[in-house]
Structure formats: C-alpha cells, structure tokens
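Asker: Right, I'll just put the structure down here and ask away after.
The values are calculated or read from the model by the stated rules, or taken from the named source; none is laboratory data. Note that the structure is predicted; figures quoted are calculated from it, not measured. Don't worry about glycine lacking a Cβ; one is built from the backbone with ideal geometry, like all the others, and counts go over all protein chains shown. All accessible areas refer to the heavy atoms of the entire protein, side chains included, with ligands and DNA or RNA removed. Shrake-Rupley method; radii C 1.70, N 1.55, O 1.52, S 1.80 Å.
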Amino acid sequence: MKSQLTYLLNNKTTRGMFILILLIPCVEIIQLYIMMKPDGIDIHPAFAFFLAGSSQGHITQILLLWFLPILGLLLGTDSSIQEYQTGVRNIFINKIGKKAYILQKLATSFILCFITMFAALLLNFILVNIIFRGGTYQMGLDGAGSLNSLFDISMQNPYLADIGFGFVACLMAGMAGLIGASASLFFLNKKFAYPAAFFVWFLMILPNNSIMFIFQPFTEYGLEKILPIFLVFSLIVLLIVGILYLYEVRYVKE
C-alpha cells in the first residue's frame, strides 16, 4: 500500500487535483469576504467554515461535495484502470495476489480521499480563523431558539461542531473514494466507471434523506435525522465493496 500511495503522490494528475480540492474551500472565503465586508458584517470564524455553507448559492459546496467521487477518481482512485490499460495490473496481481491487490486499491483510495479532504478543511479552518478573527455574527442563527439537541450543542460550541462535522466529512470523502475505486475495479474503463460512481453518489444526494445533511453543521437536522442517513449510506458502501471483492476474487479470472 505504501508503494501505491508513493506512486500516486508522484503523479502529476493527483497533485493537480489535490491542489484544486485545496483551493475550492478557499474560494468560499473570498465569496464570504466580498459578501460580508462591504456591509461591515464580521462573521464568526466557525460560521465562515466551509462546511457551514454561509455563502450565497453554495456553489463551492456543490462543486466539491456533489462531485466527490469524480474528484476522487481524478485524484487517483481510478489507478486500477490505468494499470489495466498499461498492462501492469497482472504483474501486480501475480506478485501480491488478487485479494491483496483489491484490498490495497480500496484502502489506498479511502486514505487518499480522507487525507485530501482533511487537508482542505484544515487549511480552510485555519484561514477563516485568521481572516475573520474576532467576528461574532452567527448568520442570525443565535436567535433561532432551540431546534434540537445537536443544534443547541453546536451553537454553544461552534468550533467543536466544525471539527466534528469536518471529521465526518473526511469519512464521507473516504467512502466516496471507495465507491470510485470499486467502480474502477469492476469496469476497468473510465467511460463506465466515472458515470457509475457518480450515479451511486447522486442517488444518495437526491432523496429527502440526502447525504448532504451529514456535511453541514448548524442546521435544523438533529442526530435522529442525520445518524440513520450516515449509517444507511455506510452500509450501502460496505455492500458495494463487499460484493465487488467477492465477485473479483471468486469469479473473475485474470
């Protein structure tokens, strides 16, 4: 797995996508600064955090969170397709075995996407605390009253809420990576793997119980709403990975 991560870190496409993902939350900061400063509004740093979604239109959140599997594939979770096309896939499989090869691809994809999201959110968290230091405006939510226990705790401890939701976002990014890696291992063709990964992710965005509720702090949705969504989504991802693993190991002959 170490060699897989080293290879990806030295890949120009992976580096480019890593930088792009780092920059997307930074664009959110520029939007907030342009929106707030002319009116003399000093937004609280915790509410300027990327996941809080305080800017108008939520364009940056849509770009990053809606297209996470595609960004993950471009980041490197499609490496199995590249290895298949260049003919080195069978060399790796003969060297370490089919089971280890698949597990390496899945684990590497999860770690890569988790770390990338962690780096992007950490950078955003640091920057908003520097740029909006001393701000107190809480997007009017301080007058919303008691909506649920999670909301109350989040309002009382906004930085803790950012950290908690940030960690969950990293887990979700890792699972988006697993979806992309599974699609790549199954299809071994970008024309099918990319749409399939996005289709699975988008199906989880569309319903009333959208996975997007999991990402955003300071909302009306409590644990009784978002926890079942997270658990169901995690189960679906585990089923996809499990079925893919069993299919590849038992039925696919190289």
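Asker: Just checking, how many residues over region 41-51 are farther than 21 Å from Cys113 by Cβ and within 19 Å of the chain's Cα centre (by Cα)?
Answerer: Qualifying residue count, region 41-51: 1.
Asker: Turning to a different aspect of this structure: Taking region 52-71 as the search range and keeping residues that are within 11 Å of the chain's Cα centre (by Cα) and crowded, with 20+ Cβ neighbours inside 10 Å, which one is nearest to Met17 (Cα to Cα)?
Answerer: The qualifying residue nearest to Met17 (Cα to Cα) is Leu71.
Asker: Just give me the residues in region 136-162 being open to solvent by 50 Å² or more (accessible area, probe 1.4 Å), without any contact (Cβ under 8 Å) to a residue 12 or more places away in the chain and hydrophobic (A, V, I, L, M, F, W, C), in sequence order.
Answerer: Correct list: Ile153, Leu160.
Condition check ((1) of a type in the set (D, E, K, R); (2) touching a Phe, Trp or Tyr at 6+ places or on another chain (Cβ under 7 Å); (3) in a helix (DSSP H, G or I); (4) closer than 22 Å to Leu74 by Cα) across all residues:
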position: Gly135; (1), (2), (3), (4): no, no, no, no
position: Ser154; (1), (2), (3), (4): no, yes, yes, no
position: Leu178; (1), (2), (3), (4): no, yes, yes, yes
position: Ser184; (1), (2), (3), (4): no, no, yes, yes
position: Phe202; (1), (2), (3), (4): no, no, yes, yes
position: Asn208; (1), (2), (3), (4): no, no, no, no
position: Tyr221; (1), (2), (3), (4): no, yes, no, no
position: Val232; (1), (2), (3), (4): no, no, yes, no
position: Ile236; (1), (2), (3), (4): no, no, yes, no
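Asker: Of these, Leu185, Leu239, Leu223, which one is in contact (Cβ under 8 Å) with a residue 12 or more places away in the chain and either of a type in the set (Val, Ile, Thr) or open to solvent by 50 Å² or more (accessible area, probe 1.4 Å) (or both)?
Answerer: So the residue among Leu185, Leu239, Leu223 that is in contact (Cβ under 8 Å) with a residue 12 or more places away in the chain and either of a type in the set (Val, Ile, Thr) or open to solvent by 50 Å² or more (accessible area, probe 1.4 Å) (or both) is Leu223.
Asker: On the basis of being within 20 Å of Gly135 (Cβ to Cβ) and in a helix (DSSP H, G or I), does Met36 make the cut?
Answerer: yes
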